[in-house]
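The values are calculated or read from the model by the stated rules, or taken from the named source; none is laboratory data. Computed from a predicted structure; not experimentally measured. Note: ideal-geometry Cβ built from the backbone for every residue, glycine included; neighbour counts use all protein chains shown. Accessible surface is based on the protein model in full, side chains and every heavy atom, while ligands, DNA and RNA are left aside. Shrake-Rupley method; radii C 1.70, N 1.55, O 1.52, S 1.80 Å.
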Amino acid sequence: MSQRVRSLLSAVLVGLACLLVPLGALAMWAKYGIQDSARYAATTAPLASDAQVQDAIASAVTDGIMREVHVGPPLEGSVQAFVHEAVRSFTATEAFRSAWDTANLSAHDAVMRALREDDDSPVILDLAPATERMKRQLADDHVPFAGRIPVAHTEITLLQSKDLTKLRKGFHVLEVAGFWLPVASACFALTGILVSVSRRRAVLATGLGTALGAALLAVAIAVGRRMTLADLPPGVSHPAAGAVYDALTETLRLVSWVLMGVGLAVALGAWLTGLYVRRRRASAAPAPVPAEEPTQVRA
């Protein structure tokens, strides 16, 4: 194999490896981070103590209570503020955290079950158990009008029937890609380095490409956050939704920064090694022999 062919093949393999780095990280995050119930529960549980999430839930519950009661304008503001403060205090209790975990796990299990099975029925989550528990707790704490919290009509649609087929196909792709994309990326990178004419340059290119792919992944996460918040329906708290998005993508952001750091470290190591080898060769090269001056012949 000629050096030109080897260089071209190495460049293609290294380029493919670097392209698969962010895709592999994304697939692994979806497969092992989001799909796993235990990891999902561990990720969403701290959100019950997040101030933005607590404020959003307290506002939603307060609005529900105020819609069920009829208070005159002179007292409406004072009653609403009192109810909001009481509900906000409830969000700091263990009962609220338990209800939060139950609702999140129920939603996660319902979505995963729909994606793994062939049933095309819409995915519906019934919040009645969690709402009833919260209602009893607020009533026990003597929160005004807590008994009027509406518990009926608490079913919400998580996934529509028309979206299930497309999402199910994507889910199966992620299940396969979550394992094979990182393996393929590592194999391409190793093969590209081995067939390269200059392996040090190939390592340098692999490191820089990995860092670039990780940086693009970090940018994609930030862009995804902005797009997600921009598409929220009216009435949904943007700070609370941002807190949920940040919690779910925290591991992915960490992976992107780790890959970026590893890639830059590998590239720097390859560059410094090349610099050291060149300097060592230059110092070990024999000094040039001075040319002899021509001998003058006297007549």
Practice item. Treat each spin label as a single point 7 Å out from the Cα along the C-beta direction, and report the ALA265 to GLU76 distance in nm. Key: 6.1 nm
**Study point:** Approximate spin-label separation VAL223-ARG278, in nm, with each point projected 7 Å along Cα-to-Cβ
**Key:** 3.5 nm
Study note, to complete from the structure: Between GLN52 and ASP141, the two model label points (7 Å from Cα along the beta-carbon direction) sit apart by a distance in nm of 2.3 nm
Check your understanding: Assuming R0 = 22 Å, what is the FRET efficiency of ARG200 and LEU19, from their Cβ-Cβ distance, to the nearest 0.05?
Key -> 0.50
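Where does each of 12-25, 68-81, 48-61, 233-246 land if you order them by average Cβ count within 10 Å, highest first?
12-25, 48-61, 233-246, 68-81
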Revision key, fill the gap. Heavy-atom accessible area per residue of segment 1-142, all protein chains kept, 1.4 Å probe, expressed in Å², is 55 Å²
Review point. What ranking do 109-118, 209-218 get when scored by the average of other Cβ atoms within 10 Å per residue, highest first?
Key: 209-218, 109-118
